[in-house]
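Enquirer: Sharing a structure here in structure tokens format.
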């Protein structure tokens with residue numbers, strides 16, 4: 001328009017002015033003479049758009065989809081178990097470190113045996129956390145019992161740390177009468193009000209906005225605690241992820257989101273899941289501070305979660321943690337991951353980058369652990385796990401009544417009728433019903 | 001069109017008050033089960049509230065607003081969230097004045113994400129707050145329906161009683177006027193199929209106050225289906241209704257109009273249509289009993305069946321779609337429990353089986369009108385002007 005006409009008009013130049021909105025700017029702006037751009041820029045104003053001041057630029061450039069360098073990963077322990085931080089070394093006591101370590105071994109052993117039990121038909125379903133034991137136990141250790149946990153499903157170590165026994169795990173998986181779950185949920189869907197661990201729910205990422213809601217409630221109670229919500233890399237694609245992060249930021253909710261980026265969502269690799277640099281960069285899109293950490297480094301996890309928790313509580317704002325790791329497990333017992341990835345890859349991560357091995361090297365070097373204690377621990381845990389499974393299998397199944405209770409707070413009349421009707425039918429036709437249901 | 005005929009059953013027309021007679025060919029109902037039925041269908045005690053000599057009028061909007069206000073004042077864990085509920089005073093002004101009175105912590109304007117704030121509401125309820133989540137319309141609640149069903153309705157059961165969810169989801173449901181397909185669907189039947197939810201459908205100002213208060217106080221998740229066109233309607237309210245402790249029982253229907261010739265069930269806006277139809281029918285000698293359902297889950301089977309056993313004829317009315325609708329459930333219930341009492345086939349009046357059209361003339365054809373109710377009622381009465389044959 002006028003600019004183009006002027007550009008071809010020899011009477012315009014660095015000293016002539018063009019009306020740009022309400023401002024007179026030198027014509028050189030359109031030619032781009034560096035010397036005079038600086039002069040012109042000082043005439044530019046910021047604009048008070050709704051939402052805040054934004055300054056203008058005459059350079060047209062698109063923000064890149066991702067930066068050239070990926071966000072680096074915070075790590076404390078190297079592969080040989082040498083710590084880069086003296087300070088951190090002194091923060092973790094021997095007691096805590098050994099509880100973490102034995103928790104990791106216990107989790108791994110429990111997973112091994114329960115997985116086998118499913119293969120043998122003793123359990124209907126199971127899901128392991130192989131390779132992610134550090135995330136489980138180290139983050140649990142960094143929290144307080146008052147912090148409310150909304151997990152996804154690969155975080156049973158949180159419960160283990162807080163006091164859930166192997167028998168408790170077994171009872172829930174076997175769906176017996178002793179289980180806290182009254183046989184209502186499929187295996188690994190643990191929950192415990194006492195341990196502030198919200199019952200696992202199958203639809204992915206639903207726990208994220210729920211976590212913000214719980215945090216909102218904590219905020220109103222003004223408690224010295226936060227909410228910790230876990231998700232996998234795949235869950236970050238769900239709509240609920242975006243709603244939750246956005247909301248958490250807007251509501252100033254004390255939530256720590258911990259994403260276990262283990263590279264796989266069943267058979268979908270992260271390269272097919274998103275185009276961004278993982279999940280850590282997404283925090284900034286919502287105005288949330290984020291950090292990427294080595295998920296196989298127990299000390300780094302402990303450090304980061306502890307800091308995140310402090311920020312969330314003291315500054316009342318959400319934090320996003322992306323823990324880089326690898327899903328050594330198949331997705332679950334319904335999956336055979338060798339169908340879509342190489343056994344070499346799995347073996348590599350299982351051995352070279354095992355979080356348990358790495359942490360063991362550190363505690364051994366500190367003089368807190370030895371081979372003797374190692375073999376004792378393995379024997380002991382194995383025995384306990386087997387015992388828990390055998391006991392759980394022997395336990396009675398939940399009684400008939402438990403099919404009808406808890407739909408509502410109070411048993412409604414239609415369910416009373418149905419139960420009565422069912423009992424009468426069982427009485428009249430016992431041969432049509434299984435014998436092992438306590439009536 | 002919205003009128004449908006049912007298959008004609010071979011029903012004896014003799015008066016079948018009293019014991020249910022067994023016939024060969026019916027599904028074998030053995031004695032103990034019959035005993036259950038008669039025990040269950042005890043005469044409905046008249047705990048129903050009648051309008052006392054009411055001097056005050058109240059709109060449904062004010063009824064809802066006052067109920068919210070009172071419950072928030074009485075219990076600091078009650079809070080409201082939704083789009084535009086705060087600064088804007090509510091998309092339909094139901095939450096007017098609440099932000100000023102209770103502040104932004106208890107009246108939360110949410111970003112636009114039904115999935116988000118439904119989930120957040122459920123999470124807050126998990127931890128002991130009592131959220132009242134407003135949807136601008138239940139059509140938009142579809143974006144958060146996973147949380148209503150999988151996070152709210154099933155949680156108490158799946159957690160073995162450890163996590164109850166004292167949440168209320170409320171907002172306009174069903175048809176308005178000229179708002180098209182994505183703003184007009186009735187979701188009563190959808191939510192009413194889900195165990196773990198309670199589904200309420202207020203009609204009058206009294207219903208609105210009593211049921212909303214009951215819903216907020218209830219420990220289970222409640223879906224509270226209002227109607228946009230009823231918000232501005234005025235109803236007489238007694239002093240009892242205006243009392244801050246006034247609650248209506250969940251699961252009890254109200255007989256809005258007593259009659260002896262035919263039972264008409266309706267909920268929400270259709271109650272007014274049913275009442276108007278009853279007036280027209282009265283002039284033609286048909287004395288209709290109109291039941292305001294008030295609650296779809298639990299459905300007040302006792303009241304419905306007691307009424308049909310008295311009148312021997314049934315017409316159900318709803319704005320929602322016919323297939324798997326509320327009327328389908330009522331008809332099945334009555335056929336199951338009171339088959340021998342029916343003197344005519346049951347009739348369902350429902351919305352046309354099309355996404356709601358926008359054009360006013362087409363929209364009129366898509367929903368039940370008073371004339372449809374009148375004609376259907378005459379049909380079940382075999383157009384007889386005299387009392388039951």
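Enquirer: In the stretch A:193-204, what residues are touching a helix residue (DSSP H, G or I) at 6+ places or on another chain (Cβ under 7 Å), more than 7 Å from every other protein chain (Cβ to nearest Cβ) and at pLDDT 95 or above?
Expert: Start the filter on the stretch A:193-204 by keeping residues that are touching a helix residue (DSSP H, G or I) at 6+ places or on another chain (Cβ under 7 Å), which leaves A:195, A:197-199, A:201, A:203-204.
This time we only want the ones that are more than 7 Å from every other protein chain (Cβ to nearest Cβ), so: A:195, A:197, A:204.
Result: A:195, A:197.
Enquirer: Filter the stretch B:167-186 for residues that are surrounded by fewer than 22 Cβ atoms within 10 Å (Cβ to Cβ) and at negative phi; which is modelled with the highest pLDDT? Steps first, answer last, please.
Expert: Going residue by residue through the stretch B:167-186, those that are surrounded by fewer than 22 Cβ atoms within 10 Å (Cβ to Cβ) are B:176-183, B:185.
Next, only the ones that are at negative phi stay: B:176-177, B:179, B:181-183, B:185.
On the way: B:176: 91, B:177: 90, B:179: 89, B:181: 91, B:182: 92, B:183: 93, B:185: 96.
Filtering first and then ranking leaves B:185.
Enquirer: Continuing with this model, one more query. Out of the stretch B:129-141, which residues are outside any strand (DSSP E or B), in contact with a helix residue (DSSP H, G or I) (Cβ under 8 Å, 6 or more places away or on another chain) and either more than 10 Å from every other protein chain (Cβ to nearest Cβ) or modelled with pLDDT under 95 (or both)?
Expert: Here is the first cut: in the stretch B:129-141, the residues outside any strand (DSSP E or B) are B:129, B:135-141.
Remaining after also requiring in contact with a helix residue (DSSP H, G or I) (Cβ under 8 Å, 6 or more places away or on another chain): B:129, B:135, B:137, B:139-141.
B:135, B:137, B:139, B:140, B:141 - these are the residues of the stretch B:129-141 that are outside any strand (DSSP E or B), in contact with a helix residue (DSSP H, G or I) (Cβ under 8 Å, 6 or more places away or on another chain) and either more than 10 Å from every other protein chain (Cβ to nearest Cβ) or modelled with pLDDT under 95 (or both).
Enquirer: Follow-up question, since we're still on this one. Which residues, taken from the stretch A:363-391, are modelled with pLDDT under 95 and part of a helix (DSSP H, G or I)?
Expert: Residue satisfying the conditions is A:365 alone.
Enquirer: Determine, yes or no, whether residue B:290 is more than 14 Å from chain A (Cβ to nearest Cβ) and crowded, with 22+ Cβ neighbours inside 10 Å. Steps first, please.
Expert: Numbers: more than 14 Å from chain A (Cβ to nearest Cβ): yes; crowded, with 22+ Cβ neighbours inside 10 Å: yes.
Yes; evaluated as a whole, the condition is true for this residue.
Enquirer: So in the stretch B:193-218, with the set limited to residues that are assigned to a loop (DSSP other than H, G, I, E, B) and closer than 28 Å to residue A:184 by Cα, which one is farthest from the other protein chains (Cβ to nearest Cβ)? First the steps, then the outcome.
Expert: Taking the stretch B:193-218 first, the residues assigned to a loop (DSSP other than H, G, I, E, B) are B:193-197, B:201-204, B:218.
Subsequent filtering for residues that are closer than 28 Å to residue A:184 by Cα retains B:193-197, B:218.
Details: B:193: 13, B:194: 10, B:195: 5, B:196: 5, B:197: 9, B:218: 8 Å.
Per the stated criteria, the residue is B:193.
Enquirer: Another question about this same structure. What tally of residues in the stretch A:253-275 results from selecting those that are in a loop (DSSP other than H, G, I, E, B) and at pLDDT 95 or above? Before the answer, list the steps.
Expert: Filtering the stretch A:253-275 down to residues in a loop (DSSP other than H, G, I, E, B) leaves A:253-254, A:262-263, A:266-267, A:274-275.
Applying the additional criterion that residues be at pLDDT 95 or above yields A:253-254, A:262-263.
Matching residues across the stretch A:253-275 total 4.
Enquirer: Specify which of the listed residues (B:162, B:89) is more than 10 Å from every other protein chain (Cβ to nearest Cβ) and either in contact with a helix residue (DSSP H, G or I) (Cβ under 6 Å, 6 or more places away or on another chain) or free of Cβ contacts under 8 Å to residues at least 12 places away in the same chain (or both).
Expert: Numbers: B:162 fails: more than 10 Å from every other protein chain (Cβ to nearest Cβ).
The match here is B:89.
Enquirer: For residue B:358, work out the one condition from (1) at pLDDT 95 or above; (2) farther than 17 Å from residue B:227 by Cβ; (3) not in a helix (DSSP H, G or I) it doesn't fulfil.
Expert: (1)
Enquirer: Given the condition part of a loop (DSSP other than H, G, I, E, B), closer than 26 Å to residue B:114 by Cα, touching a residue at least 24 places away in the same chain (Cβ under 8 Å) and more than 10 Å from chain B (Cβ to nearest Cβ), answer yes or no: does some residue in the stretch A:166-177 qualify?
Expert: No, every residue in the stretch A:166-177 fails to be part of a loop (DSSP other than H, G, I, E, B), closer than 26 Å to residue B:114 by Cα, touching a residue at least 24 places away in the same chain (Cβ under 8 Å) and more than 10 Å from chain B (Cβ to nearest Cβ).
Enquirer: Taking residue A:358 as the residue in question, decide whether it is within 14 Å of another protein chain (Cβ to nearest Cβ) and not in a loop (DSSP other than H, G, I, E, B).
Expert: Judged against the criteria, residue A:358 is not a match.
Enquirer: Based on this model, can you work out whether residue A:308 counts as in contact with a helix residue (DSSP H, G or I) (Cβ under 8 Å, 6 or more places away or on another chain) and either farther than 30 Å from residue B:161 by Cβ or outside any helix (DSSP H, G or I) (or both)? Walk me through it before giving the result.
Expert: Numbers: in contact with a helix residue (DSSP H, G or I) (Cβ under 8 Å, 6 or more places away or on another chain): no; either farther than 30 Å from residue B:161 by Cβ or outside any helix (DSSP H, G or I) (or both): yes.
Spelling it out, it is not the case that residue A:308 is in contact with a helix residue (DSSP H, G or I) (Cβ under 8 Å, 6 or more places away or on another chain) and either farther than 30 Å from residue B:161 by Cβ or outside any helix (DSSP H, G or I) (or both).
Enquirer: Additional query: Hand me the list of strands (runs of 3 or more DSSP E) wholly inside the stretch B:219-267 holding 3 or more residues that are crowded, with 24+ Cβ neighbours inside 10 Å.
Expert: B:222-226, B:262-266
Enquirer: Considering only the stretch A:284-308, state which residues are farther than 24 Å from residue A:131 by Cβ and under 16 Å from the mean Cα position of the chain (by Cα).
Expert: A:288, A:289
Enquirer: Looking at residue B:280, is it touching a helix residue (DSSP H, G or I) at 6+ places or on another chain (Cβ under 7 Å), closer than 17 Å to residue B:256 by Cβ and free of Cβ contacts under 8 Å to residues at least 60 places away in the same chain?
Expert: Values: touching a helix residue (DSSP H, G or I) at 6+ places or on another chain (Cβ under 7 Å): yes; closer than 17 Å to residue B:256 by Cβ: yes; free of Cβ contacts under 8 Å to residues at least 60 places away in the same chain: no.
Taking the combined requirement at face value, the residue does not satisfy it.
Enquirer: Which of the residues spanning the stretch A:220-252 are assigned to a helix (DSSP H, G or I) and more than 11 Å from chain B (Cβ to nearest Cβ)?
Expert: The first filter runs over the stretch A:220-252 and keeps only residues assigned to a helix (DSSP H, G or I), leaving A:220-221, A:234-237, A:239-251.
The answer is A:234, A:235, A:236, A:237.
Enquirer: Whether any residue in the stretch A:272-289 is touching a residue at least 40 places away in the same chain (Cβ under 8 Å) and under 25 Å from residue A:105 (Cα atoms) is what I want to check.
Expert: No; the residues of the stretch A:272-289 include none that is touching a residue at least 40 places away in the same chain (Cβ under 8 Å) and under 25 Å from residue A:105 (Cα atoms).
Enquirer: Does the stretch A:30-40 include one or more residues that are modelled with pLDDT of 90 or more and outside any loop (DSSP other than H, G, I, E, B)? Step through it out loud before you land on a result.
Expert: Applying the first criterion (modelled with pLDDT of 90 or more) to the stretch A:30-40 yields none.
The answer is no, given that none of the residues of the stretch A:30-40 is modelled with pLDDT of 90 or more and outside any loop (DSSP other than H, G, I, E, B).
Enquirer: Please state which of the following conditions residue A:394 fails to meet, knowing it meets all the rest: (1) out of contact with any helix residue (DSSP H, G or I) (no Cβ under 9 Å at 6 or more places or on another chain); (2) within 14 Å of another protein chain (Cβ to nearest Cβ).
Expert: All conditions are met except number (2).
Enquirer: Taking the condition of being in a helix (DSSP H, G or I) and touching a helix residue (DSSP H, G or I) at 6+ places or on another chain (Cβ under 8 Å), how many residues in the stretch A:113-125 meet it?
Expert: Our first condition is that a residue be in a helix (DSSP H, G or I); within the stretch A:113-125, this holds for A:113-119.
Now drop any that are not touching a helix residue (DSSP H, G or I) at 6+ places or on another chain (Cβ under 8 Å), which leaves A:113-114, A:117.
Residues flagged as in a helix (DSSP H, G or I) and touching a helix residue (DSSP H, G or I) at 6+ places or on another chain (Cβ under 8 Å) within the stretch A:113-125 amount to 3.
Enquirer: Residue under question is residue B:105, and the condition is that it be facing chain A (nearest Cβ under 7 Å) and either surrounded by fewer than 22 Cβ atoms within 10 Å (Cβ to Cβ) or within 23 Å of residue B:175 (Cβ to Cβ) (or both); does it hold? Write out each step before concluding.
Expert: Values: facing chain A (nearest Cβ under 7 Å): yes; either surrounded by fewer than 22 Cβ atoms within 10 Å (Cβ to Cβ) or within 23 Å of residue B:175 (Cβ to Cβ) (or both): yes.
Considered against the rule, which asks whether it is facing chain A (nearest Cβ under 7 Å) and either surrounded by fewer than 22 Cβ atoms within 10 Å (Cβ to Cβ) or within 23 Å of residue B:175 (Cβ to Cβ) (or both), residue B:105 comes out as yes.
Enquirer: Now a separate question. Could you tell me whether the stretch A:426-434 includes any residue that is surrounded by fewer than 17 Cβ atoms within 10 Å (Cβ to Cβ), touching a helix residue (DSSP H, G or I) at 6+ places or on another chain (Cβ under 7 Å) and more than 10 Å from chain B (Cβ to nearest Cβ)?
Expert: Filtering the stretch A:426-434 down to residues surrounded by fewer than 17 Cβ atoms within 10 Å (Cβ to Cβ) leaves A:426-434.
Narrowing the set further to residues that are touching a helix residue (DSSP H, G or I) at 6+ places or on another chain (Cβ under 7 Å) leaves A:433.
The next check asks that each one be more than 10 Å from chain B (Cβ to nearest Cβ); those that pass are A:433.
Checking the stretch A:426-434: at least one residue is surrounded by fewer than 17 Cβ atoms within 10 Å (Cβ to Cβ), touching a helix residue (DSSP H, G or I) at 6+ places or on another chain (Cβ under 7 Å) and more than 10 Å from chain B (Cβ to nearest Cβ).
Enquirer: What is the residue count in the stretch B:91-103 for residues that are assigned to a loop (DSSP other than H, G, I, E, B) and over 22 Å from residue B:166 (Cβ atoms)? Working first, answer last.
Expert: We begin by selecting, within the stretch B:91-103, every residue assigned to a loop (DSSP other than H, G, I, E, B); these are B:91-97, B:103.
Next, only the ones that are over 22 Å from residue B:166 (Cβ atoms) stay: B:91-93, B:96-97.
Selection size over the stretch B:91-103: 5.
Enquirer: What is the residue count in the stretch B:106-126 for residues that are assigned to a loop (DSSP other than H, G, I, E, B) and in contact with a strand residue (DSSP E or B) (Cβ under 7 Å, 6 or more places away or on another chain)? Steps first, answer last, please.
Expert: Of the stretch B:106-126, the ones assigned to a loop (DSSP other than H, G, I, E, B) are B:106, B:110-113.
Applying the additional criterion that residues be in contact with a strand residue (DSSP E or B) (Cβ under 7 Å, 6 or more places away or on another chain) yields B:106, B:110.
Residues meeting the conditions: 2.
Enquirer: Out of A:128, A:106, I need the residue that is in a loop (DSSP other than H, G, I, E, B) and either surrounded by fewer than 12 Cβ atoms within 10 Å (Cβ to Cβ) or under 25 Å from the mean Cα position of the chain (by Cα) (or both). Which one? Spell out the reasoning first.
Expert: Details: A:106 fails: in a loop (DSSP other than H, G, I, E, B).
Selected residue: A:128, the only one of A:128, A:106 that is in a loop (DSSP other than H, G, I, E, B) and either surrounded by fewer than 12 Cβ atoms within 10 Å (Cβ to Cβ) or under 25 Å from the mean Cα position of the chain (by Cα) (or both).
Enquirer: Which one of B:144, B:123 is at the interface with another protein chain (Cβ under 7 Å from one of its Cβ atoms) and crowded, with 21+ Cβ neighbours inside 10 Å?
Expert: Values: B:144 fails: at the interface with another protein chain (Cβ under 7 Å from one of its Cβ atoms).
That would be B:123, the only listed residue that is at the interface with another protein chain (Cβ under 7 Å from one of its Cβ atoms) and crowded, with 21+ Cβ neighbours inside 10 Å.
Enquirer: State whether one or more residues within the stretch A:153-161 are touching a strand residue (DSSP E or B) at 6+ places or on another chain (Cβ under 7 Å), under 26 Å from residue A:407 (Cβ atoms), in a loop (DSSP other than H, G, I, E, B) and modelled with pLDDT of 95 or more. Working first, answer last.
Expert: Let us first name the residues in the stretch A:153-161 that are touching a strand residue (DSSP E or B) at 6+ places or on another chain (Cβ under 7 Å), namely A:154-155, A:158-159.
Filter once more, so that each one left must be under 26 Å from residue A:407 (Cβ atoms): A:159.
Within this subset, residues satisfying the condition of being in a loop (DSSP other than H, G, I, E, B) are none.
Scanning the stretch A:153-161, I find no residue that is touching a strand residue (DSSP E or B) at 6+ places or on another chain (Cβ under 7 Å), under 26 Å from residue A:407 (Cβ atoms), in a loop (DSSP other than H, G, I, E, B) and modelled with pLDDT of 95 or more, so the answer is no.
Enquirer: I've got another one for you. Of all residues in the stretch A:131-170, count the ones that are more than 17 Å from the chain's Cα centre (by Cα), crowded, with 23+ Cβ neighbours inside 10 Å and closer than 14 Å to residue A:192 by Cβ.
Expert: The number of residues fulfilling the criteria is 1.
The values are calculated or read from the model by the stated rules, or taken from the named source; none is laboratory data. Everything numeric here is computed off the predicted structure, so don't read it as measured data. FYI the Cβ positions are ideal-geometry reconstructions off the backbone, even for glycines, and counts take in every protein chain you see.
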